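Asks: Sharing a structure here in structure tokens format.
The values are calculated or read from the model by the stated rules, or taken from the named source; none is laboratory data. Every value quoted in this text rests on a predicted model; they were computed, and no experiment measured them. So basically every Cβ, Gly included, is an ideal-geometry build from the backbone, and we count neighbours across all protein chains shown. We work out accessible area using only protein heavy atoms, side chains counted, and drop any ligands, DNA or RNA first. Shrake-Rupley method; radii C 1.70, N 1.55, O 1.52, S 1.80 Å.
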Amino acid sequence: MKSKYPEYKKLDLTQIAKEILEWWEQNAIFEKSVENRNGKTPYVFYEGPPSANGIPGIHHVMARAIKDLFCRYKTLKGFQVKRKAGWDTHGLPIEIGVEKSLGITKDDIGKTISIADYNKACRKDVMKYKDKWDDITKKMGYWVDLDHPYITFENKYIETVWYLLSKLYEKGLLYKGYTIQPYSPAAGTGLSSHELNLPGCYKNVKDNTVIAQFKVIRNEKSDFLFKNANTDVYFLAWTTTPWTLPSNTALAVGKKH
């Protein structure tokens, strides 16, 4: 009796993966898993978009495996899951990388290089490794619609974000607050927590510290400090910012100061 299933004499995971991927592509299995659920309740999935100006790593594979698991589960439960891919194209690192490769600074934009040419260079650089992302997406078996991605530099995406913000405003869900914002004088913009953690943002440095003496003025209030002293009395203050000493006008001591 002929076996219904292919028989493998030895376990060759690489070959098996290759064969499965080819079969998926030849038979449009992902597309069919979406199409054969037309009319069913949708389960909306937009991928939190990666940036194609960086090479994908194992942490991206791990995160995407979890995303894929949820989408496949919902598909098996009868939902129609149109999995929309996306590309994150905003961010200071892209600008800095382009400026470095072109040998320019922010001040040169609009002078030695036009704004249009600068934007064109940024748009090209941000998609530098898109082919590698597409390749690993397919090889890991991550089912997502790569043919119709949303791209954050497109007007349609930007206008959608502004539209949603307007709706939040109309519902009274936006409020004015105050926070300390890290700022880059060189880039002329605020910095996100992600940008602050990029390699090279911080380095260990040695700073000088100073212990300053503040002479106590002897009067009725301070007289008790001189009971066991036969010399002048000083307060010692340690500071890690000695450059502020010239502007100091007083030394505050006590729980309430």
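Asks: Pull up the range 198-228, narrow it to residues that are open to solvent by 100 Å² or more (accessible area, probe 1.4 Å) and either among the small types (Gly, Ala, Ser) or not in a loop (DSSP other than H, G, I, E, B) (or both), then point me to the one that is nearest to residue 244 (Cα to Cα).
Replies: Of the residues in the range 198-228, the ones open to solvent by 100 Å² or more (accessible area, probe 1.4 Å) are 199, 202-204, 206-208, 211, 213, 215, 217-218, 220-221, 224, 227-228.
Those still in the list that are either among the small types (Gly, Ala, Ser) or not in a loop (DSSP other than H, G, I, E, B) (or both) too: 211, 213, 215, 224.
Numbers: 211: 13, 213: 15, 215: 18, 224: 30 Å.
Residue satisfying both the conditions and the ranking: 211.
Asks: With the structure loaded, tell me whether residue 32 is at pLDDT below 95, within 16 Å of residue 142 (Cα to Cα), assigned to a helix (DSSP H, G or I) and basic (Lys, Arg) or whether it fails that test. Break it down into steps so the answer makes sense when it comes.
Replies: Working: at pLDDT below 95: no; within 16 Å of residue 142 (Cα to Cα): yes; assigned to a helix (DSSP H, G or I): yes; basic (Lys, Arg): yes.
Judged against the criteria, residue 32 is not a match.
Asks: Can we say residue 124 is open to solvent by 80 Å² or more (accessible area, probe 1.4 Å), basic (Lys, Arg), more than 20 Å from residue 72 (Cβ to Cβ) and within 21 Å of the chain's Cα centre (by Cα)?
Replies: The answer is yes for residue 124.
Asks: Is there a residue being open to solvent by 80 Å² or more (accessible area, probe 1.4 Å) and either within 30 Å of residue 98 (Cα to Cα) or over 41 Å from the mean Cα position of the chain (by Cα) (or both) anywhere in the range 240-247? First the steps, then the outcome.
Replies: Applying the first criterion (open to solvent by 80 Å² or more (accessible area, probe 1.4 Å)) to the range 240-247 yields 243, 246-247.
Now restrict to residues that are either within 30 Å of residue 98 (Cα to Cα) or over 41 Å from the mean Cα position of the chain (by Cα) (or both): none.
Looking for residues that are open to solvent by 80 Å² or more (accessible area, probe 1.4 Å) and either within 30 Å of residue 98 (Cα to Cα) or over 41 Å from the mean Cα position of the chain (by Cα) (or both), one finds none in the range 240-247, hence no.
Asks: A further question follows. Kindly indicate which of 29, 96, 66, 55 is hydrophobic (A, V, I, L, M, F, W, C) and in contact with a helix residue (DSSP H, G or I) (Cβ under 7 Å, 6 or more places away or on another chain). Walk me through how you get there before you give the answer.
Replies: Details: 29 fails: in contact with a helix residue (DSSP H, G or I) (Cβ under 7 Å, 6 or more places away or on another chain); 96 fails: in contact with a helix residue (DSSP H, G or I) (Cβ under 7 Å, 6 or more places away or on another chain); 66 fails: in contact with a helix residue (DSSP H, G or I) (Cβ under 7 Å, 6 or more places away or on another chain).
The conditions single out 55.
Asks: Right, another one. For the range 113-171, which fully contained helices (runs of 4 or more DSSP H) count at least 2 residues that are polar (S, T, N, Q)? Outline the logic, then answer.
Replies: Values: elements: 115-126, 130-139, 155-170.
Because the criterion is at least 2 residues that are polar (S, T, N, Q), the helices (runs of 4 or more DSSP H) in the range 113-171 that meet it are 155-170.
Asks: Same structure again: Does the range 68-96 hold any residues that are over 27 Å from residue 155 (Cα atoms) and either assigned to a helix (DSSP H, G or I) or hydroxyl-bearing (Ser, Thr, Tyr) (or both), and which are they? Please lay out each step first, then the result.
Replies: Within the range 68-96, the first condition is being over 27 Å from residue 155 (Cα atoms), and the residues that meet it are 68-80.
68, 69, 70, 71, 72, 73, 74, 75, 76 - these are the residues of the range 68-96 that are over 27 Å from residue 155 (Cα atoms) and either assigned to a helix (DSSP H, G or I) or hydroxyl-bearing (Ser, Thr, Tyr) (or both).
Asks: Another question, if that's okay. Please name all residue pairs, on different chains or six or more residues apart, with Cβ atoms under 8 Å, provided the first residue is in the range 124-150 and is in contact (Cβ under 8 Å) with a residue 60 or more places away in the chain and the second residue is polar (S, T, N, Q) and in a loop (DSSP other than H, G, I, E, B).
Replies: Pairs found: 125/53; 126/51; 126/53; 126/89; 127/53; 127/89; 128/53; 129/53.
Asks: Can you name the residue in the range 132-183 that is of a type in the set (Ser, Thr, Tyr) and surrounded by 14 or more Cβ atoms within 10 Å (Cβ to Cβ) and is also farthest from residue 67 (Cα to Cα) among such residues?
Replies: Taking the range 132-183 and keeping what is of a type in the set (Ser, Thr, Tyr), we get 137, 142, 150, 152, 157, 160, 163, 166, 169, 175, 178-179, 183.
Checking which are surrounded by 14 or more Cβ atoms within 10 Å (Cβ to Cβ) leaves us with 137, 142, 150, 152, 157.
On the way: 137: 12, 142: 9, 150: 17, 152: 20, 157: 22 Å.
Out of the qualifying residues, it is 157.
Asks: Taking the condition acidic (Asp, Glu) and open to solvent by less than 40 Å² (accessible area, probe 1.4 Å), does residue 99 pass? Lay out the reasoning, then the answer.
Replies: Details: acidic (Asp, Glu): yes; open to solvent by less than 40 Å² (accessible area, probe 1.4 Å): yes.
It is true that residue 99 is acidic (Asp, Glu) and open to solvent by less than 40 Å² (accessible area, probe 1.4 Å).
Asks: Given the criteria open to solvent by less than 90 Å² (accessible area, probe 1.4 Å), touching a helix residue (DSSP H, G or I) at 6+ places or on another chain (Cβ under 8 Å) and modelled with pLDDT of 95 or more, does residue 81 qualify? Break it down stepwise before answering.
Replies: Working: open to solvent by less than 90 Å² (accessible area, probe 1.4 Å): yes; touching a helix residue (DSSP H, G or I) at 6+ places or on another chain (Cβ under 8 Å): yes; modelled with pLDDT of 95 or more: yes.
It is true that residue 81 is open to solvent by less than 90 Å² (accessible area, probe 1.4 Å), touching a helix residue (DSSP H, G or I) at 6+ places or on another chain (Cβ under 8 Å) and modelled with pLDDT of 95 or more.
Asks: Can we say residue 196 is out of contact with any strand residue (DSSP E or B) (no Cβ under 6 Å at 6 or more places or on another chain), of a type outside the set (Val, Ile, Thr) and under 30 Å from residue 100 (Cα atoms)? I'd like the intermediate steps shown before the answer.
Replies: Numbers: out of contact with any strand residue (DSSP E or B) (no Cβ under 6 Å at 6 or more places or on another chain): yes; of a type outside the set (Val, Ile, Thr): yes; under 30 Å from residue 100 (Cα atoms): yes.
Spelling it out, residue 196 is indeed out of contact with any strand residue (DSSP E or B) (no Cβ under 6 Å at 6 or more places or on another chain), of a type outside the set (Val, Ile, Thr) and under 30 Å from residue 100 (Cα atoms).
Asks: Among what's in the range 229-238 and is outside any loop (DSSP other than H, G, I, E, B) and touching a Leu at 6+ places or on another chain (Cβ under 9 Å), pick the residue that is least open to solvent (accessible area, probe 1.4 Å). Before you say what the answer is, go through the steps one by one.
Replies: First, pick out the residues of the range 229-238 that are outside any loop (DSSP other than H, G, I, E, B): 234-238.
Going one step further and asking which of them are touching a Leu at 6+ places or on another chain (Cβ under 9 Å), we end up with 235, 237.
Numbers: 235: 78, 237: 24 Å².
Among residues in the range 229-238 that are outside any loop (DSSP other than H, G, I, E, B) and touching a Leu at 6+ places or on another chain (Cβ under 9 Å), the one least open to solvent (accessible area, probe 1.4 Å) is 237.
Asks: Every residue in the range 54-67 that is in a loop (DSSP other than H, G, I, E, B) and either among the small types (Gly, Ala, Ser) or at pLDDT 95 or above (or both), please.
Replies: Step one: of the range 54-67, the residues in a loop (DSSP other than H, G, I, E, B) are 54-57.
Listed by number, the residues that qualify are 54, 57.
Asks: Need the failing condition index for residue 188 against (1) touching a residue at least 60 places away in the same chain (Cβ under 8 Å); (2) on the phi < 0 side of the Ramachandran plot, just the number.
Replies: Failing condition for residue 188: (2).
Asks: Of (1) open to solvent by 70 Å² or more (accessible area, probe 1.4 Å); (2) part of a loop (DSSP other than H, G, I, E, B), residue 49 satisfies all except one. Which?
Replies: Checking residue 49 against (1) open to solvent by 70 Å² or more (accessible area, probe 1.4 Å); (2) part of a loop (DSSP other than H, G, I, E, B), the one that fails is (1).
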